[in-house]
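Below is one structure; the comments refer to it alone.
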Amino acid sequence: MSAKMLGRPEPVCGMDSWVPVPARILAVREENFNTKTFTLEFCDEGIRDTYGFAPGQFNMVYVPGVGEAAISISSNPHQPRRLDHTIRLVGTVTRAIARMGAGDVIGLRGPFGRGWPLEQLKGKDVVILAGGIGLAPLRPVIYWLLQHREHCRRVVLLYGCRTPEDRLYVEELERWSGDHALDVLVTVDNATGGWTGPVGVVTNLLRRVKVNARQTVVIVCGPRILNRVAAWNFLQLHVPPSQVYVSLERNMNCGFGRCGHCQYGSKFVCRDGPVFCFDEIADIFAKEEI
Ligand SMILES: Cc1cc2nc3c(=O)[nH]c(=O)nc-3n(C[C@H](O)[C@H](O)[C@H](O)COP(=O)(O)OP(=O)(O)OC[C@H]3O[C@@H](n4cnc5c(N)ncnc54)[C@H](O)[C@@H]3O)c2cc1C
Ligand code: FES
């Protein structure tokens, strides 16, 4: 197993740098009506050679003249020369990115944050639970687990979306499911377009999975309410809090623990997270105002 993958790779532009590095858009792929995946490469060959990221880390993506947004890296960590960022086009920066295409240059700072607990997955069953665009930060850990399949026991992916048309990475979901390297269960809130799979919230899928609580590590990423409900569901199934991990979102500015924008209780989500063990945040996780 590569140490580079398990550690916390240094940001490409130094720990304290606010200066983005130019990156070229190689391809844009439409995932659904408001989400696109941008494949990027650093313009500088030297940076391409040295950049690495851990699954669950994020970059600050900069659109010149507009601003920056924190976006998870959604591609294969074994191929860090080409970086996917799956972006929901909701606001100022993300809508500006939406207008860009192959050949355009944007800025990147990163990788930032603490990613998924790869070491803790060793020898365990892994249940990955994603809601909507929450699958994006989880895709690198899926790639990582597929490459190191001997690292853990069973891998189950539970994924929920509003409609079948909202699913991300449809071809990969089908391939992963067909390969039987992991068990994939997808559910939708509304069954449109001839959908014959499960209907209902993603946590309902837990009824279809046998969870061996002591043997299982859970990793969750979705909207705030889903993170809460999912974490509580797993705790009720007696998965120890030390084996439940969630990725959180806060407003970001610096990305490296200086500005205080992303404060979450006594922690900074950019530096101490975005991935947290339930144990670390149990006292504040249920509080709406935090
Ligand atoms: C660690 C981390 C990783 C992230 N990874 C991703 C990622 O992989 N892909 C991605 O698309 N986003 C991701 N985000 C969220 C992204 O940073 C925010 O959505 C960001 O605000 C978008 O910037 P903007 O300038 O386009 O929107 P803003 O101008 O900041 O927001 C404009 C409006 O959109 C609304 N809005 C903002 N975010 C959302 C949202 N998520 N859903 C609905 N409405 C919203 C706001 O309430 C506001 O009214 C991540 C955030 C964090 C902290
Ligand atoms: S974004 Fe500045 S401290 Fe986290």
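Computed quantities for the displayed model
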| quantity | calculated |
| --- | --- |
| Criterion violated by Ile133 - all others in (1) outside any strand (DSSP E or B); (2) within 28 Å of Asn233 (Cα to Cα); (3) of a type outside the set (Phe, Trp, Tyr); (4) more than 9 Å from ligand 1 (Cβ to nearest atom) satisfied | (4) |
| Residue within the stretch 109-116 that is in contact with a helix residue (DSSP H, G or I) (Cβ under 6 Å, 6 or more places away or on another chain) and assigned to a strand (DSSP E or B) present | yes |
| Some residue of the stretch 197-207 being surrounded by 15 or more Cβ atoms within 10 Å (Cβ to Cβ) and of a type in the set (Gly, Ala, Ser) | no |
| Lone unmet requirement of (1) among the acidic types (Asp, Glu); (2) away from ligand 2 (no atom under 16 Å from the Cβ); (3) touching a Pro at 6+ places or on another chain (Cβ under 9 Å) for Glu249 | (2) |
| Candidate set from the stretch 80-119 (those that are within 19 Å of the chain's Cα centre (by Cα) and hydroxyl-bearing (Ser, Thr, Tyr)); member that is nearest to ligand 2 (Cβ to nearest atom) | Thr94 |
| Of all residues in the stretch 86-102 being in contact with a strand residue (DSSP E or B) (Cβ under 7 Å, 6 or more places away or on another chain) and small (Gly, Ala, Ser), the one that is farthest from ligand 1 (Cβ to nearest atom) | Ala102 |
| Residues being out of contact with any helix residue (DSSP H, G or I) (no Cβ under 7 Å at 6 or more places or on another chain), modelled with pLDDT of 95 or more and part of a loop (DSSP other than H, G, I, E, B) - total across the stretch 163-187 | 1 |
| Only listed residue being among the small types (Gly, Ala, Ser), away from ligand 2 (no atom under 16 Å from the Cβ) and either crowded, with 18+ Cβ neighbours inside 10 Å or assigned by TED's automatic domain parsing to the domain that holds Asn59 (or both), chosen from Ala231, Ala191 | Ala231 |
| Asn76, sole failed condition from (1) over 29 Å from Gln243 (Cα atoms); (2) more than 12 Å from ligand 1 (Cβ to nearest atom); (3) in contact (Cβ under 8 Å) with a residue 40 or more places away in the chain | (1) |
| All helices (runs of 4 or more DSSP H) inside the stretch 188-290 with 2 or more residues being more than 16 Å from ligand 1 (Cβ to nearest atom) | 224-236, 278-285 |
| Filter result for Gly131 (over 30 Å from Phe42 (Cβ atoms) and surrounded by fewer than 22 Cβ atoms within 10 Å (Cβ to Cβ)) | no |
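The values are calculated or read from the model by the stated rules, or taken from the named source; none is laboratory data. Values in this document were obtained by computation on a predicted structure and should not be read as measured data. Every residue, glycine as well, gets a Cβ built from its backbone with ideal geometry; the counts of neighbours run over all protein chains shown.
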